[in-house]
Amino acid sequence: MTFGERIIQLRKEHGYTRLQFAEKIGMPQTTLRNYETNTREPGHSFIIQMAREFNVTTDYLLGLSEKQKKSSTPNESEAEDLNKKHILESYNELNNLGQTEAAKRVEELTEISKYQKRTAFLAARGRNGVHVIELTDEEQKERNEAPEQDLDF
């Protein structure tokens with residue numbers, strides 16, 4: 001399955017039309033269509049965004065693995081999904097003015113460091129120079145628990 005086919009599959013599994021999903025992620029529908037039809041290749045930031053959006057690994061999106069889900073306990077993942085669902089349901093109950101105000105408050109929260117997700121960066125020197133890899137909190141935790149390994153680029 002190609003990258004585009006996986007994005008289509010995941011988008012549909014989450015109940016989004018192409019237009020709805022493009023609006024959700026703030027992207028022109030034509031750009032999303034080009035990614036889904038494999039007309040254009042997305043950059044790494046889009047791939048990371050999709051992995052986070054659908055809670056799958058980048059390896060799955062790129063066709064390097066059939067393992068779809070990130071390794072996290074089902075209870076954590078289910079709780080996070082329930083929280084997101086509750087927030088979305090509450091948001092949808094607001095009128096336009098309330099939705100605008102809610103968006104402002106969420107924006108304010110994202111600028112307060114204690115509410116931000118932490119991301120670690122791993123720099124590795126490979127045959128083709130230095131590569132920087134972005135790790136989420138979960139990936140950093142897994143890396144800290146795993147034995148040392150060499151990265152090959």
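The values are calculated or read from the model by the stated rules, or taken from the named source; none is laboratory data. None of these values were measured; they are calculated from a predicted model. Every residue, glycine as well, gets a Cβ built from its backbone with ideal geometry; the counts of neighbours run over all protein chains shown. These accessible areas exclude ligands, DNA and RNA; they are computed on the full protein's heavy atoms, side chains included. Shrake-Rupley method; radii C 1.70, N 1.55, O 1.52, S 1.80 Å.
Listed by first and then second residue, the pairs with beta-carbon distance under 7 Å, at least 6 apart or on different chains, first residue in region 88-115 and free of Cβ contacts under 8 Å to residues at least 40 places away in the same chain and closer than 26 Å to H14 by Cα, second of a type in the set (S, T, N, Q) and open to solvent by 70 Å² or more (accessible area, probe 1.4 Å), are T110/Q116.
Applying the condition of being of a type in the set (D, E) and open to solvent by 40 Å² or more (accessible area, probe 1.4 Å) to region 8-62 and asking which residue is farthest from L82 (Cα to Cα) yields E41.
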